[in-house]
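Peer 1: Please find one structure pasted underneath; my questions will follow.
The values are calculated or read from the model by the stated rules, or taken from the named source; none is laboratory data. Quick caveat: nothing in here was measured; it's all calculated off a predicted structure. Using ideal geometry, Cβ is built from the backbone for each residue, glycine included, and neighbour counts are taken over all protein chains shown.
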Amino acid sequence: MSRKWSCQKSGSYSVPQPKLEVTEYQIYKGTCQAAELSRKAWPPVGLANSPVQYSNNVKAYGCVVERTNCC
């Protein structure tokens with residue numbers, strides 16, 4: 001008498017809770033009243049001149065959340 005056994009495996013994956021680090025940059029602008037010239041500081045290298053920037057890690061996490069429909 002022979003018996004056949006079968007086994008089904010399953011697994012689950014989880015993504016750890018992200019630890020966000022926020023860095024604020026202040027870009028100053030000023031005007032010389034004597035020369036009537038306006039000057040504005042440049043943002044740090046790698047940052048565009050917009051109010052909010054998201055790092056590659058935050059963008060990647062957003063993709064994971066979007067694709068897993070966990071929110």
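Peer 1: Could you please tell me which pairs satisfy a Cβ distance under 8 Å, a separation of 6+ or placement on different chains, a first residue in the range 38-49 that is at negative phi and free of Cβ contacts under 8 Å to residues at least 60 places away in the same chain, and a second residue that is part of a strand (DSSP E or B) and polar (S, T, N, Q)?
Peer 2: Ser38/Thr31; Arg39/Thr31
Peer 1: Considering the range 21-41 alone, what residues qualify as being aliphatic (A, V, I, L, M) and either surrounded by 10 or more Cβ atoms within 10 Å (Cβ to Cβ) or outside any loop (DSSP other than H, G, I, E, B) (or both)?
Peer 2: Passing the criteria: Ile27, Leu37, Ala41.
Peer 1: Oh, and also: Looking at (1) loosely packed, with under 10 Cβ neighbours inside 10 Å; (2) modelled with pLDDT under 80; (3) within 21 Å of the chain's Cα centre (by Cα), find the lone condition where Ser2 falls short.
Peer 2: Ser2 satisfies every listed condition except (3).
Peer 1: A further question on this structure: Tell me, which residue of the range 42-58 that is surrounded by 10 or more Cβ atoms within 10 Å (Cβ to Cβ) and either of a type in the set (S, T, N, Q) or not in a loop (DSSP other than H, G, I, E, B) (or both) is nearest to the chain's Cα centre (by Cα)?
Peer 2: Looking at residues that are surrounded by 10 or more Cβ atoms within 10 Å (Cβ to Cβ) and either of a type in the set (S, T, N, Q) or not in a loop (DSSP other than H, G, I, E, B) (or both), I get Val58.
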